[in-house]
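The values are calculated or read from the model by the stated rules, or taken from the named source; none is laboratory data. Since the structure is predicted, the reported quantities are computational estimates derived from the model, not experimental observations. Cβ sites come from the backbone with ideal geometry, for glycine too, and all protein chains shown count toward neighbours. Protein only, heavy atoms only, side chains kept; ligands, DNA and RNA dropped before computing areas. Shrake-Rupley method; radii C 1.70, N 1.55, O 1.52, S 1.80 Å.
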Amino acid sequence: MVQSEWIPSGVDISVPSVARTYDYMLGGAHNFAVDRALGERIESMMPGLRNAARVNRAFLGRVVRFMVDRGVRQFLDIGSGIPTVGNVHEVAQAAAPGARVLYVDRDPVAVAHSELMLLGNDDAAVVQADMREPDVILNSDAARRLLDFDQPIGVLMLLMLHWVPDDADPHALVARYRDALAPGSYLAVTHVTGDNQGENLADATDAIKQSNSPDQVNLRSHAEITRMFDGFDLVDPGLVGCGEWRPGGPGDIAAEPDMNMLVYAGVGRKR
């Protein structure tokens, strides 16, 4: 696919993008030299961070299969990024044909490529919106078409809530989504933490500020992230290092033990 087919007009590709840098970290092909340079700089500050990104991606696959096994047939992926191997609709629809997926991202590059990737898939769509606009997302035409809020929905907020500053009240934001869900719905969260890291993490987050994201990473503690599951019952093993949440094999766990604890991961079931 040539660049003009997946980069919307008006996007400055000389400025690194968080979405494209993450795509690079995952081994994807939808990134540019500036994104790869940012990724390498971050990796040099925190060796093994690329593996942590891949551990987070492996968690996505495990948690979607977990939800499908418990009868969930519709998913809302908030902050989905640029689609790459192992997306929600690929995992869910392989396990349960006909499963419906709504992706949400505010990055125009991520949305443009998602639209191309989802052509011909009537059971999946993407909405361009900021996660801090739940009413826009939940009342969108795509949400009305794909999601039945009277039935359980699997909501994924992976590597997203640490972009929400404290003054925007991330706990209240999650609660607004929770209140729209039927009992038996699930929430999956991964969130960067400083609990187990040193100064290198601060250096790496400073480098992210050079990307196109106007936000900063907000590191939160185990207790602060656990509060985001108010109204949900955490499923075993609770809120743990991303690589420690029901690992299925060596590929689910980073080679560097610290990388397993850079990101907390948890899944809750709405009461």
Which condition number does Phe66 fail, the rest of (1) touching a residue at least 60 places away in the same chain (Cβ under 8 Å); (2) surrounded by fewer than 17 Cβ atoms within 10 Å (Cβ to Cβ); (3) not hydroxyl-bearing (Ser, Thr, Tyr) being met? (2)
Of the criteria (1) touching a helix residue (DSSP H, G or I) at 6+ places or on another chain (Cβ under 9 Å); (2) surrounded by fewer than 20 Cβ atoms within 10 Å (Cβ to Cβ); (3) touching a residue at least 40 places away in the same chain (Cβ under 8 Å), which one Ala96 fails: (3)
Boolean, Val11 is modelled with pLDDT of 95 or more and within 17 Å of Val126 (Cβ to Cβ): no
Read through the list (1) out of contact with any Ser or Thr (no Cβ under 7 Å at 6 or more places or on another chain); (2) touching a residue at least 12 places away in the same chain (Cβ under 8 Å); (3) not β-branched (Val, Ile, Thr), then give the number of the only condition that Leu119 fails. (2)
Taking the stretch 21-30 and keeping residues within 18 Å of Ala112 (Cα to Cα) and either in a helix (DSSP H, G or I) or under 18 Å from the mean Cα position of the chain (by Cα) (or both) leaves Thr21, Tyr22, Asp23, Tyr24, Gly28, His30
Given the criteria open to solvent by 40 Å² or more (accessible area, probe 1.4 Å), among the polar types (S, T, N, Q) and under 29 Å from Arg246 (Cα atoms), does Gln151 qualify? yes
In a helix (DSSP H, G or I), among the β-branched types (Val, Ile, Thr) and either at pLDDT below 90 or under 27 Å from Asp122 (Cα atoms) (or both), is that true of Val72? no
Among the residues of the stretch 8-19, is any open to solvent by less than 10 Å² (accessible area, probe 1.4 Å), in contact (Cβ under 8 Å) with a residue 60 or more places away in the chain and outside any loop (DSSP other than H, G, I, E, B)? no
Evaluate the following for Gly79: is it under 24 Å from Gly241 (Cα atoms) and open to solvent by 10 Å² or more (accessible area, probe 1.4 Å)? yes
So Gly86 ticks every box in (1) under 13 Å from Leu158 (Cβ atoms); (2) crowded, with 20+ Cβ neighbours inside 10 Å but one. Which box is left unticked? (2)
Does Arg106 qualify as being of a type in the set (Lys, Arg) and modelled with pLDDT of 95 or more? no
Going through the stretch 154-187 one residue at a time, which ones are closer than 18 Å to Tyr264 by Cα and open to solvent by less than 20 Å² (accessible area, probe 1.4 Å)? Val155, Leu156, Met157, Leu158, Leu161, His162, Val164, Pro170, Val174, Tyr186, Leu187
Contact list, first residue from the stretch 123-151 and under 21 Å from Val164 (Cβ atoms) and free of Cβ contacts under 8 Å to residues at least 12 places away in the same chain, second anywhere and open to solvent by less than 50 Å² (accessible area, probe 1.4 Å) and assigned to a loop (DSSP other than H, G, I, E, B), beta-carbon distance below 9 Å, six or more apart or interchain, is Val136/Ala129; Val136/Asp130
Tell me, yes or no, whether the stretch 38-54 has at least one residue that is over 22 Å from Pro134 (Cβ atoms), at pLDDT 95 or above, out of contact with any helix residue (DSSP H, G or I) (no Cβ under 8 Å at 6 or more places or on another chain) and in a helix (DSSP H, G or I). no
Apart from one, (1) surrounded by fewer than 21 Cβ atoms within 10 Å (Cβ to Cβ); (2) of a type outside the set (Asp, Glu); (3) closer than 19 Å to Tyr264 by Cα all hold for Met45; the odd one out is (3)
